[in-house]
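Undergrad: Pasting a structure here, questions to come.
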């Protein structure tokens, strides 16, 4: 990976490399340890080089086309290398298994519940007394004290509609906390898969793992894929990037 960085850094003017080269290389050494997100930075490296060249040489003819071609080659050629060498952040299997166990047990109980008392028991086993639900603006919209209204609404639904499942994106834990990021209730209709991105935080105590916070990060029914092709990707264009000026 750093060989590619050294090659692309040659696109920068010599005085720019002399001033910032060591700092840039140190950043990429750190990114190289973190996995495939490094690949996203190569495109920025090329675009940065083109900007610096424009400042020193005027407008570079065909610059945009050149950047597009280089980006295409990098992502086509480097991504298989990164995957082949396992340069991705590894999911902790134990954290994933804990998360799957918690939700599987909860979803099963949710479908089997027949009374409001059984729903409350499920809520007590899943959530801590201080549990809160937060919307995507960070506002608390539900607490354990007023959760009964949601439980009653769920109880009225057919069992198969109470819990459509989830796709866990990432789970991580230490001795005291567990975080889970997931697409909640992904559903497919006419080739379009939709879901809601959520984050749950659990704490470990005498009664096992209990959820203390549920964050809804995106609006409901966000499009995840169309005909099996992913629509939700990491931002890769300049409109999504923030860099110090």
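Undergrad: Would you please name the residue that is farthest from residue 119 (Cα to Cα), looking only at residues in the stretch 155-164 that are loosely packed, with under 14 Cβ neighbours inside 10 Å and in contact (Cβ under 8 Å) with a residue 12 or more places away in the chain?
TA: Our first condition is that a residue be loosely packed, with under 14 Cβ neighbours inside 10 Å; within the stretch 155-164, this holds for 156-161, 164.
This time we only want the ones that are in contact (Cβ under 8 Å) with a residue 12 or more places away in the chain, so: 159-160, 164.
Values: 159: 12, 160: 15, 164: 17 Å.
Out of the qualifying residues, it is 164.
Undergrad: Further, regarding this structure: Take residue 169 and decide whether it is in the same structural domain as residue 105 (by TED's automatic domain parsing), within 13 Å of the chain's Cα centre (by Cα) and surrounded by fewer than 17 Cβ atoms within 10 Å (Cβ to Cβ).
TA: yes
Undergrad: Right, here's the next one. Look at residue 188 and say whether it is touching a helix residue (DSSP H, G or I) at 6+ places or on another chain (Cβ under 9 Å) and surrounded by fewer than 17 Cβ atoms within 10 Å (Cβ to Cβ).
TA: no
Undergrad: Another question, then. Just give me the residues in the stretch 199-235 being free of Cβ contacts under 8 Å to residues at least 24 places away in the same chain and within 24 Å of residue 141 (Cα to Cα), in sequence order.
TA: 199, 200
Undergrad: Is there a residue in the stretch 185-199 that is at pLDDT 95 or above, within 13 Å of the chain's Cα centre (by Cα) and either in a strand (DSSP E or B) or within 17 Å of residue 164 (Cβ to Cβ) (or both)? Outline the logic, then answer.
TA: Taking the stretch 185-199 as the starting set, the residues that turn out to be at pLDDT 95 or above are 199.
This time we only want the ones that are within 13 Å of the chain's Cα centre (by Cα), so: 199.
Keeping just the survivors that are either in a strand (DSSP E or B) or within 17 Å of residue 164 (Cβ to Cβ) (or both) gives 199.
Within the stretch 185-199, one or more residues are at pLDDT 95 or above, within 13 Å of the chain's Cα centre (by Cα) and either in a strand (DSSP E or B) or within 17 Å of residue 164 (Cβ to Cβ) (or both).
Undergrad: Would you point out which residue out of 179, 217 is closer than 22 Å to residue 97 by Cα, surrounded by 14 or more Cβ atoms within 10 Å (Cβ to Cβ) and under 20 Å from the mean Cα position of the chain (by Cα)?
TA: From the options 179, 217, the qualifying one is 179.
Undergrad: Hey, another quick one. Which residue is modelled with the lowest pLDDT, if the candidates are limited to the stretch 85-104 and must be closer than 16 Å to residue 174 by Cα and in a loop (DSSP other than H, G, I, E, B)?
TA: 90
The values are calculated or read from the model by the stated rules, or taken from the named source; none is laboratory data. All figures in this text were calculated on a predicted structure; none of them were measured in a lab. So basically every Cβ, Gly included, is an ideal-geometry build from the backbone, and we count neighbours across all protein chains shown.
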